[in-house]
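Undergrad: Would you mind keeping the following structure in view while I ask a few things?
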Amino acid sequence: MDLTDPEIGATQFSAFMGATNLCESWSARVCGRVASVSGYPAAWLLGAVVSLAAVPVLWAIARSLRRSTPGG
């Protein structure tokens, strides 16, 4: 919540939670289909690959926050 504007914090929190719920919905559907066709190991591997794809984005966000923070 460090990225949240205090004036609209509740709205941003609701949007973040909605995005989380949407992610859980599509990933459960996709991984369920993959598991039914290729088995659970393939479904777990798919989930891991998609999750790891977010790491560079998170690093970029952290780097930009460090640059914009005084003394960072």
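Undergrad: Per-residue HN-Hα couplings for the range 20-34, Karplus 6.51 cos²θ - 1.76 cosθ + 1.60 at θ = phi - 60°, whole Hz, x for Gly and Pro?
TA: After applying 6.51 cos²θ - 1.76 cosθ + 1.60, I find 4, 5, 4, 4, 5, 5, 6, 5, 5, 5, 5, 5, x, 5, 4 Hz.
Undergrad: Starting from the Cα-Cα distance between residue 65 and residue 15, subtract it from 0.36 nm times their residue separation and give me the gain in nm to one decimal. Show your work: numbers first, answer last.
TA: On the way: separation 50, 0.36 × 50 = 18.00 nm, distance 2.06 nm.
Once the chain is fully extended between residue 65 and residue 15, it gains 15.9 nm.
Undergrad: Another one. Which whole-Hz couplings ³J(HN,Hα) result when phi for each residue of the range 46-57 is put into the Karplus expression 6.51 cos²θ - 1.76 cosθ + 1.60, θ = phi - 60°, listed in order with x for Gly and Pro?
TA: Going residue by residue, I get 4, x, 5, 5, 5, 5, 5, 5, 7, 4, x, 5 Hz, with x marking Gly and Pro.
Undergrad: Classify the chain: rounded, prolate or oblate, from the alpha-carbon gyration tensor (a ≥ b ≥ c, eigenvalue square roots; a/c under 1.5 rounded; otherwise prolate if a/b is larger than b/c)?
TA: Oblate.
Bear in mind these aren't lab numbers, they're just calculated from the coordinates by the rules spelled out. Computed from a predicted structure; not experimentally measured.
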